[in-house]
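A short reminder: the numbers here are calculations on the coordinates, not readings from a lab. Because the structure is predicted, anything quoted here is derived from the model rather than measured. Cβ placement follows ideal geometry from the backbone for every residue including glycine, while neighbour counts extend to all protein chains displayed.
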Amino acid sequence: MPSEFSPLVKALSLQRGETGYTGSAGPIELFAAKTGIGTRLAAEATERLLDTAAVDHVMVVGIAGGMGPSKVGDVIFPEVVVDKASGTEYRPSPLHEVQSHGRLVTHDDFDMQPAECAALVADGFIAVDMETAAVAGVCERRGVRWSAVRTISDLVGVTPGDVIGLANPDGSPNVGASIRYLVTKPWRIPKLVRLGFDSQRAASGAAAAASRSLNAARPSY
């Protein structure tokens, strides 16, 4: 989403050009792109990125929902990412040695029910998002290494499932839907304010972690 992308642009000092956002971390050349929300848009964005330039490594950066032992603000380098629709498991290849732990599930159903959440926690899942497995699938089909860094912005079962309708597919705010939501459900305003604050902090945390990974991966001479 734009709210996830802006901190990354700032943290990596990216510049907007004709083909998108570019920059560098020492000798590492960087290309950055937004995916939009959901598996289809994420897969399409990854295909476009890999068609644009010769890419050695793709890093997914952004926020995620937490479950089980996860807390808001936790930075997650998942050991395994699972596509819920197909059951396919993907294992990332971090740019440098990190403390990878836990399993992340990707699916398009933002409103996860308690029974499903409990079953996933029992299987070792600590986070959920809507894009990473789709990106991983494209990368692995095309022989490109990939990794992921996600920061927990909210907890499954705490955030109302219908807030996903407040954003357009590209992640930008849906102003009309937001106004209707606030008018019809004003009691949720404090929770939405808190969600916005936590999401922004989480996005900044993920961007900072991505920057640290890139700096740690830079060769020394």
Exercise for the section: List the residues of the stretch 186-213 whose backbone N lies under 14 Å from a point placed 7 Å from the Cα of ILE28 along the Cα-to-Cβ direction. Expected result: 207-213
Exercise for the section: Could you work out, for the stretch 137-186, what percent of all Cα-Cα pairs fall into each 10 Å distance bin, beginning at 0 Å and stopping at the bin that holds the largest distance? Expected result: 19, 31, 28, 16, 5
Problem - Sparsely packed trypsin sites (Lys or Arg not before Pro) within the stretch 13-74, loop by DSSP, other Cβ within 10 Å at most 10 - result: LYS71
Fill in the blank from the handout: Length gained if SER86 through GLN15 is fully extended, taking 0.36 nm per residue and subtracting the Cα-Cα distance, is 21.9 nm
Completion exercise
Placing +1 on each Lys and Arg Cβ and -1 on each Asp and Glu Cβ in the chain, then taking the dipole about the Cα centre, the residue among ALA45, MET130, ALA177 whose Cα reaches farthest towards the positive end is ALA177
Completion exercise
Restricted to the chain, the DSSP antiparallel beta bridge percent, nearest 5, is 45
Practice task
Please find, in a Gaussian network model of the chain (springs between Cα atoms separated by less than 10 Å), the residue of VAL105, VAL135, VAL163 whose mean-square fluctuation is greatest.
Solution key: VAL163
Practice task
Report the relative contact order of the chain, percent, no decimals, based on alpha-carbon pairs under 8 angstrom and at least 6 residues apart.
Solution key: 30
Exercise for the section: Can you tell me the FRET efficiency between SER100 and VAL183 if r is taken as the Cβ-Cβ distance and R0 is 45 Å, rounded to the nearest 0.05? Expected result: 0.55
Exercise for the section: Would you order VAL138, VAL75 from fewest to most other beta-carbon atoms within 10 Å of each residue's own beta-carbon? Expected result: VAL75, VAL138
Fill in the blank from the handout: The simple spin-label model distance between SER93 and ASN174, using points 7 Å out along Cα→Cβ, in nm, is 3.8
Handout entry: Nitroxide proxy distance, nm - points 7 Å out along Cα→Cβ at HIS57 and ARG40
Key = 3.3
Completion exercise
Exposed-loop cut sites defined as GluC sites (Glu not before Pro) in DSSP loop states with at most 10 other Cβ within 10 angstrom; longest site-free run of the chain spans 98-221
Exercise for the section: State which helices in the chain qualify, where a helix is a whole DSSP H run, it must extend 27 Å or more along its own axis by its Cα atoms, and its mean Kyte-Doolittle hydropathy must be at least 0.0. Expected result: 189-217
Problem - For the stretch 1-138, size of Cβ-based charge dipole, Lys and Arg +1, Asp and Glu -1, in debye - result: 320
Completion exercise
Of the listed pairs LYS34/LYS185; LYS10/LYS34; LYS71/LYS191, those with alpha carbons more than 24 Å apart are LYS34/LYS185
Handout entry: Likely footprinting exposure, ILE37, ILE76, fewest C-beta neighbours within 10 Å first
Key = ILE37, ILE76
Practice task
Would you mind ranking MET130, MET1 so that the residue whose beta carbon has the fewest other beta carbons within 10 Å leads the list?
Solution key: MET1, MET130
